[in-house]
Every structure is written in C-alpha cells, then in structure tokens.
1. Report yes if some residue within region 28-42 is assigned to a helix (DSSP H, G or I), open to solvent by 50 Å² or more (accessible area, probe 1.4 Å) and either under 22 Å from residue 139 (Cβ atoms) or of a type in the set (Lys, Arg) (or both); otherwise report no.
2. For region 118-130, which residues satisfy the criterion of being free of Cβ contacts under 8 Å to residues at least 24 places away in the same chain and among the hydrophobic types (A, V, I, L, M, F, W, C)?
3. Among the residues of region 105-112, is any more than 22 Å from residue 11 (Cα to Cα), outside any helix (DSSP H, G or I) and either touching a helix residue (DSSP H, G or I) at 6+ places or on another chain (Cβ under 8 Å) or not charged (D, E, K, R) (or both)?
4. Does residue 15 satisfy the criteria of being surrounded by 14 or more Cβ atoms within 10 Å (Cβ to Cβ) and over 20 Å from residue 86 (Cβ atoms)?
5. Which of the residues belonging to region 15-36 are β-branched (Val, Ile, Thr) and within 23 Å of residue 59 (Cβ to Cβ)?
6. Suppose we keep only residues that are assigned to a helix (DSSP H, G or I), of a type in the set (Val, Ile, Thr) and open to solvent by 30 Å² or more (accessible area, probe 1.4 Å) within region 52-93. Which one would you say is farthest from residue 147 (Cα to Cα)?
7. Return yes when residue 143 is closer than 18 Å to residue 53 by Cβ, part of a helix (DSSP H, G or I) and at pLDDT 90 or above and no when it is not.
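The values are calculated or read from the model by the stated rules, or taken from the named source; none is laboratory data. On a predicted model such as this, the values are computed, not experimentally measured, just so you know. Glycine also receives a Cβ, built like all others from the backbone with ideal geometry; neighbour counts cover every protein chain displayed. Keep in mind that these areas ignore ligands, DNA and RNA; they rest on the heavy atoms of the full protein, side chains included. Shrake-Rupley method; radii C 1.70, N 1.55, O 1.52, S 1.80 Å.
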Amino acid sequence: MYQAIVTIHILSGFAWVGGGFLLLLAARNIKKTEGQQAADDAVGALESTTKWLFGIAPPLVLVTGIVQVLMSVQHDWTHFWIMAALVLFGVTAFMGAGISDRWEKQMKEAREDGRSLPELFDRWVRLGWIEVVVVVAIVALMVFKPV
C-alpha cells in the first residue's frame, strides 16, 4: 500500500511540475510567434485542461504526502523538510488559487469583450515561472530531505 501511495505522489508531482512548465512554455512561445491574440486564445482554450491538471495534481501530492508521513516510522512532523514543503505548498496554493485564478478570470473577461490584456498576460506568465521554481524547491526538499 505504501508503495502505491508513493507512486501516486511522484506521478502527481510530475504532472504538476511538468504541466506547469509546458503550459508556460507554450503560452510564451505562442505569444512570441503568433502574437498576443493567439496567446490569449490559447490560454482560453487550455482553461479547462489547467483546471483539471492543477485542480487534481497538487491536492493529490499534498494528500499522498501527508499519508506517507502518517504511515512512516522514520518521518514525523518535526522534520524541517516536511514543514518547509508544507509552507511552500501553501505559497503555491496562494499564488495559483489566489492570484493566478483571479488574473485568468480577468483575461477571460477581456477576451469575451474582444480586448487583450498583454501586461496581465505577461504578469501571469512571470507568476507561473515563480510558482514552478517554488514547486521545484518542494521537489528538492522531498529528494534531499535536508535536516
């Protein structure tokens, strides 16, 4: 059972990091090659996919991580790397659900009105890269388990 939990944890982490990385690369490349309107349209088209990806993968990472700690005799809540990862998870949740979602709604409303918000799009992409860096830091904590 423990190995199944670990596998789900790792695969969910791959989906979270890889999905975010690919989404940001795609958005930036579309804007560079085809312009702002194409980038706006691409973000709109990916909206349902991102809701599934980022609505499922991060919570699965969190839940399976907590279950692993509860099942483990080696790890407890006093380990630095566990507490740091939980804090960073909270940071990414705030960036994703708190800020990014609000900006995505503003971009969606602008698209529906026939407008474009390139500065908001650029801020959204920058925030996304920061979030990817924070998630990679979480992965590093999980891999190296610093004391």
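1. Yes, that holds for at least one residue.
2. Narrowing region 118-130 to residues free of Cβ contacts under 8 Å to residues at least 24 places away in the same chain: 119-120, 122-123, 126.
Within region 118-130, 120 is the sole residue that qualifies.
3. Looking for residues that are more than 22 Å from residue 11 (Cα to Cα), outside any helix (DSSP H, G or I) and either touching a helix residue (DSSP H, G or I) at 6+ places or on another chain (Cβ under 8 Å) or not charged (D, E, K, R) (or both), one finds none in region 105-112, hence no.
4. no
5. 17
6. So the first thing to find is which residues in region 52-93 are assigned to a helix (DSSP H, G or I), and the list is 52-71, 80-93.
The next check asks that each one be of a type in the set (Val, Ile, Thr); those that pass are 56, 61, 63-64, 66-67, 69, 82, 87, 91-92.
Of the ones still in play, those that are also open to solvent by 30 Å² or more (accessible area, probe 1.4 Å) are 56, 63, 66-67, 87, 91.
Working: 56: 30, 63: 22, 66: 18, 67: 21, 87: 16, 91: 21 Å.
The extreme case among them is 56.
7. no
Residue-by-condition table, conditions (1) open to solvent by 30 Å² or more (accessible area, probe 1.4 Å); (2) within 22 Å of residue 59 (Cα to Cα):
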position	(1), (2)
97	yes, yes
100	no, yes
103	yes, yes
111	yes, no
114	yes, no
118	yes, no
123	yes, no
128	no, yes
135	no, yes
